[in-house]
1. Output the number of the condition that ILE122 fails; it satisfies all remaining conditions of (1) at pLDDT 90 or above; (2) more than 22 Å from VAL43 (Cβ to Cβ); (3) not acidic (Asp, Glu).
2. Select, from LEU26, LEU4, the only residue that is open to solvent by less than 30 Å² (accessible area, probe 1.4 Å), modelled with pLDDT under 95 and either acidic (Asp, Glu) or more than 27 Å from TYR165 (Cα to Cα) (or both).
3. When region 142-191 is examined, which residues are found to be touching a residue at least 60 places away in the same chain (Cβ under 8 Å) and of a type in the set (Phe, Trp, Tyr)?
4. Could you list, in sequence order, all residues of region 159-181 that are in a loop (DSSP other than H, G, I, E, B) and farther than 21 Å from ASP54 by Cα?
5. Which one of these is within 20 Å of ALA144 (Cβ to Cβ), touching a strand residue (DSSP E or B) at 6+ places or on another chain (Cβ under 9 Å) and hydrophobic (A, V, I, L, M, F, W, C): PHE129, PHE95?
6. Can you find, within region 90-114, the residue that is least open to solvent (accessible area, probe 1.4 Å) among those that are over 23 Å from ASP41 (Cα atoms) and in a strand (DSSP E or B)?
7. Which of the residues that make up region 136-158 are over 13 Å from MET40 (Cβ atoms) and either assigned to a loop (DSSP other than H, G, I, E, B) or open to solvent by 60 Å² or more (accessible area, probe 1.4 Å) (or both)?
8. With the checklist (1) of a type outside the set (S, T, N, Q); (2) open to solvent by 30 Å² or more (accessible area, probe 1.4 Å); (3) closer than 26 Å to GLN164 by Cβ; (4) assigned to a strand (DSSP E or B) in hand, flag the one item TRP117 doesn't pass.
Amino acid sequence: MLNLNYSRTDFMLKRTFTLIVALSLLVSMSACTDDGGEPMDTVDHVDLERFMGDWYVIANIPTFVDKGAHNAIERYALNDDGTIATTFLFNKDAFDGPLKTYHPTGFVRDTTTNALWYMQFIWPFKADFRIVWLNPDYSITIVARAKRDYIWIMARQPAITTAQYDEVIAFAGSLGYDTSKIKKTPQQWPQ
């Protein structure tokens, strides 16, 4: 009996903690439908089916959720209703740290380009999500926000070359980001 109560208490604590984390993320990102900031162009067009799948987080300006993330992956899947099922997973604070998983939903705001989305962690709040860089072969992308507070550099592989990294960092600077805030995400995968 004691074990059952402990499990239920543990479950409730974990659920409460997850809710607090999600709400804190929304507040820290000022996650509302008002984009704020200066205008920021997106890429001309995103083929959503090609964009789906796994993206390794190479670097970012971390939100409090991203801090300490190792082996971070953002996974996208196109739902029948046009929304994007998103899974953000990583090991916390170390490569062998506890696995953390979040499931926001993406909403394509501009169906002409498919490059301007909202990301929703908790109803009814939606955060600005802009695809501002996308290699023609869909191997590297940059997701930015008009407020220039957070940015994610992602790739289909867990590493990119130094030249590629320098190029995307320079591009982020050209958008008005303080590039000194961009931190590499530790990635270590078996060969």
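1. It is condition (1) that ILE122 fails.
2. Values: LEU4 fails: open to solvent by less than 30 Å² (accessible area, probe 1.4 Å).
Exactly one residue qualifies, and that residue is LEU26.
3. Hits for region 142-191 are TYR150, TRP152, TYR165, TYR177, TRP189.
4. In the first step, residues of region 159-181 are kept if they are in a loop (DSSP other than H, G, I, E, B); the result is 159-161, 175-178.
LEU175, GLY176, TYR177, ASP178 - these are the residues of region 159-181 that are in a loop (DSSP other than H, G, I, E, B) and farther than 21 Å from ASP54 by Cα.
5. Numbers: PHE95 fails: within 20 Å of ALA144 (Cβ to Cβ).
On inspection, the qualifying residue turns out to be PHE129.
6. Step one: of region 90-114, the residues over 23 Å from ASP41 (Cα atoms) are 90-104.
Still in the list and also in a strand (DSSP E or B): 90-92, 99-102.
Details: PHE90: 2, ASN91: 28, LYS92: 54, LEU99: 114, LYS100: 67, THR101: 64, TYR102: 40 Å².
Once the filter is applied, the top-ranked residue is PHE90.
7. Narrowing region 136-158 to residues over 13 Å from MET40 (Cβ atoms): 136-141, 152-158.
Selection gives PRO136, ASP137, TYR138, SER139, ARG156, GLN157, PRO158.
8. TRP117 satisfies every listed condition except (2).
The values are calculated or read from the model by the stated rules, or taken from the named source; none is laboratory data. Because the structure is a prediction, the values reported are computed rather than measured. Please note: Cβ atoms are built from the backbone with ideal geometry, for glycine as well, and neighbour counts cover all protein chains shown. Just so you know, the surface numbers come from the protein's heavy atoms only, side chains and all, with ligands and any DNA or RNA stripped out. Shrake-Rupley method; radii C 1.70, N 1.55, O 1.52, S 1.80 Å.
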